[in-house]
1. What do you reckon, is residue 58 surrounded by fewer than 21 Cβ atoms within 10 Å (Cβ to Cβ) and either out of contact with any strand residue (DSSP E or B) (no Cβ under 6 Å at 6 or more places or on another chain) or at pLDDT 95 or above (or both)?
2. Which members of the stretch 93-109 meet the condition of being surrounded by 17 or more Cβ atoms within 10 Å (Cβ to Cβ) and either farther than 24 Å from residue 162 by Cβ or out of contact with any helix residue (DSSP H, G or I) (no Cβ under 6 Å at 6 or more places or on another chain) (or both)?
3. Which condition breaks for residue 80 when tested against (1) within 15 Å of residue 124 (Cα to Cα); (2) surrounded by 22 or more Cβ atoms within 10 Å (Cβ to Cβ)?
4. Of everything in the stretch 249-274 that's under 15 Å from residue 4 (Cα atoms) and part of a loop (DSSP other than H, G, I, E, B), which residue is farthest from the chain's Cα centre (by Cα)?
5. For residue 140, all conditions in the list (1) at pLDDT 95 or above; (2) under 20 Å from the mean Cα position of the chain (by Cα) hold save one; what is the number of the exception?
6. In the stretch 234-248, which residues are surrounded by fewer than 17 Cβ atoms within 10 Å (Cβ to Cβ) and over 20 Å from the mean Cα position of the chain (by Cα)?
7. Would you pick out the residues in the stretch 192-211 that are touching a residue at least 40 places away in the same chain (Cβ under 8 Å) and within 17 Å of the chain's Cα centre (by Cα)?
8. Take residue 207 and tell me if it is closer than 30 Å to residue 114 by Cβ, at pLDDT 95 or above, in contact with a strand residue (DSSP E or B) (Cβ under 9 Å, 6 or more places away or on another chain) and surrounded by 14 or more Cβ atoms within 10 Å (Cβ to Cβ).
């Protein structure tokens with residue numbers, strides 16, 4: 001299937017829907033004293049643009065595991081289910097990722113190359129849980145290897161179809177024989193092992209990046225401040241300058257070249273609730 005073409009009007013409509021969901025998340029967290037922080041491009045947008053990066057197509061937030069678990073539990077009764085759906089592998093058996101999403105009901109966002117997945121689809125914001133991780137070289141390597149294996153099991157239906165490298169494609173086809181529960185079981189082993197440990201480093205086990213492999217400092221998530229984001233205030237690390245430097249480099253306040261100012265999630269179908 002061909003990639004859906006983003007237009008400025010579509011991107012603005014998506015951002016308004018995502019802002020609405022972020023407002024709902026912020027409301028639930030503040031009312032229940034659940035800590036969260038803006039993450040990635042959302043935090044960068046708050047600092048550099050006081051809102052969305054103009055070409056950004058999603059919203060990301062981070063939570064410590066204890067806050068994430070409580071957030072998921074509270075959403076069972078306090079999330080407006082007429083408007084939104086909290087998507088995890090427990091609420092949606094077809095969902096294969098190791099973090100939660102809030103979807104806007106009545107919308108559609110079909111990610112390119114993921115059409116074979118049976119999960120519910122909609123315009124979303126990501127909610128990333130952060131777990132403790134070891135610092136020593138060998139234990140950290142083993143920890144990251146388990147994360148890698150779990151993610152590859154969960155991604156295997158996509159990789160078995162769309163991977164270009166023949167050897168990797170063959171491995172994905174083998175991994176398809178493992179049920180999704182095997183991937184989530186590996187995640188659960190790491191979660192339980194480090195749940196009560198006050199480690200200096202954290203990572204999101206269901207996500208892959210250089211920063212996740214190295215580990216984020218726990219201190220960044222222990223102290224929060226409010227930053228303006230569009231017309232609302234959202235939570236951010238007090239040390240957001242240090243955080244953004246770690247993620248994006250020292251020149252994070254400098255926008256990328258014009259040719260790189262594009263949405264990062266290629267899609268085949270996007271429908272907002274304003275579409276007729």
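The values are calculated or read from the model by the stated rules, or taken from the named source; none is laboratory data. Quantities reported herein were computed from a predicted structural model and do not represent experimental measurements. Here the Cβ is made from the backbone with ideal geometry for all residues, glycine too, and neighbour counts use every protein chain on show.
1. So residue 58 fits the description; yes.
2. 95, 97, 99, 100, 101, 102, 103, 104, 107, 108, 109
3. Of everything listed in (1) within 15 Å of residue 124 (Cα to Cα); (2) surrounded by 22 or more Cβ atoms within 10 Å (Cβ to Cβ), residue 80 misses just condition (2).
4. The extreme case among them is 272.
5. (2)
6. Passing the criteria: 238, 241, 242.
7. 202, 203, 204, 205, 206, 207, 208
8. yes
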